[in-house]
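One structure is given below, encoded as structure tokens.
The values are calculated or read from the model by the stated rules, or taken from the named source; none is laboratory data. All of these numbers come straight from a predicted model, not from anything done at the bench. So basically every Cβ, Gly included, is an ideal-geometry build from the backbone, and we count neighbours across all protein chains shown.
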């Protein structure tokens, strides 16, 4: 028996060529993690250097903040850093105001701190993504600064202002240093990744929906697991959109368009579910006959849509695909139907294709 990984006897592939190929593949795979590690090291080093140069009391807070903010994706790092800065400043201001109101009253001060923490926790549950992180951080910052100024009797000692200034400065130094290093060494790709995800999901939903019509009858598979998986993937677009906002200020102004596009994908999945459930309830012959009538009303480009290989086409020519979907919707609306069942099937198909007609040009 031959050893695994060795070339066969008589093979023209030299061992050195195989080793070089494997080494090149390993270096390629380790390139991005290694680059991220270098960015993390540079961010922490720069933040510690600045903090020590300014002679801050706890320079490690700057290094820790830089390490926390660094993420593999530029958009996530910038977005997290921005909201971490907001949460830190809000928490520092809150503890200074709370100390000023109850400078010599231990019990009201602790009650107010507890209420502030509860309010931040409630806000964090209502918000999403990095905004929720910022709300939680506002509570943490206030509690940390309060713990530094509580004396032996458990009451405020009046040093809240200086503690807040120092702690906020240390954290902000780490955030700014990490942002400078990341923005200067990474061009970002969240916008391109978001466009690929939108195109891929649209192509897969359209392909699987067309396959449902093509397989209507006794061979119709259960589409519920596929719909659930696609619903999960559409839901996962939300943090990717938030990352893209961190990289592109222009994209932030188009956030309503992106939200409508996400809602459109959910609407397409709902229309696909209605068609699948309706076909299952029909007899095999009627389901096949009505599905064929709907397919004949669709252009050949949509009837032949495949699940794989389509995202590139949807991104390369969204305007052309929008025109194809527009023509299909018009033909389905004008389709002569002899039964309410066929009318329902045509209307739901038009609704699904109408989603791609409306939102195919709204991708980043």
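Points to keep in mind about this one:
- Unmet criterion (only one of (1) modelled with pLDDT under 85; (2) within 14 Å of residue 179 (Cα to Cα)) for residue 27: (2)
- Test: residue in the range 173-196 that is more than 27 Å from residue 32 (Cβ to Cβ) and loosely packed, with under 15 Cβ neighbours inside 10 Å: no
- Within the range 197-209, the residues that satisfy the criterion of being over 22 Å from the mean Cα position of the chain (by Cα) and surrounded by fewer than 22 Cβ atoms within 10 Å (Cβ to Cβ) are 207, 208.
- Meets criteria (in contact (Cβ under 8 Å) with a residue 40 or more places away in the chain and more than 25 Å from residue 177 (Cα to Cα)) for residue 130: no
- The criterion of at least 2 residues that are in contact with a helix residue (DSSP H, G or I) (Cβ under 6 Å, 6 or more places away or on another chain) and in contact (Cβ under 8 Å) with a residue 12 or more places away in the chain is met, among helices (runs of 4 or more DSSP H) falling completely within the range 162-261, by 190-214, 224-235, 237-247.
- Scanning the range 53-60 for residues that are assigned by TED's automatic domain parsing to the domain that holds residue 130 and modelled with pLDDT of 90 or more turns up at least one hit.
- Some residue of the range 274-285 being at negative phi, free of Cβ contacts under 8 Å to residues at least 12 places away in the same chain, surrounded by 14 or more Cβ atoms within 10 Å (Cβ to Cβ) and not assigned by TED's automatic domain parsing to the domain that holds residue 68: no
- From the options 115, 110, 122, residue that is part of a helix (DSSP H, G or I), over 27 Å from the mean Cα position of the chain (by Cα) and at pLDDT 90 or above: 115
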